[in-house]
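The values are calculated or read from the model by the stated rules, or taken from the named source; none is laboratory data. Given the structure is predicted, the values throughout are model-derived calculations rather than measurements. Please note that ligands, DNA and RNA were not included when accessible areas were found on the heavy atoms of the full protein model with its side chains. Shrake-Rupley method; radii C 1.70, N 1.55, O 1.52, S 1.80 Å.
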Amino acid sequence: MKLSSPSFGVFIISVVLFALVIVVRYLGIAIPVISGNTFEILLVAYVAMLVGVLFTRI
């Protein structure tokens, strides 16, 4: 299996989700969808990056 770099869009989505979790967790800013689900949002960010690396056309 050959790995590829993720597309720019997938990378940005993953970084934005990660940044939102960091803001909620460590700065204490409440974002309704993310505040109670920080682990799940981090998991989504990781899976998005993983899919971008494993599949070339995403």
Heavy-atom accessible area per residue of the chain, all protein chains kept, 1.4 Å probe, expressed in Å², is 76 Å²
Labelled set (1) 53, 4, 4; (2) 39, 13, 10; (3) 26, 10, 7; semi-axes √(5λ) of the Cα gyration tensor in Å computed from this model equals the value at (3)
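For the chain, with all protein chains present and a 1.4 Å probe, just round the carbon and sulfur fraction of the accessible area to a whole percent.
Carbon and sulfur: 74 percent of the exposed surface of the chain.
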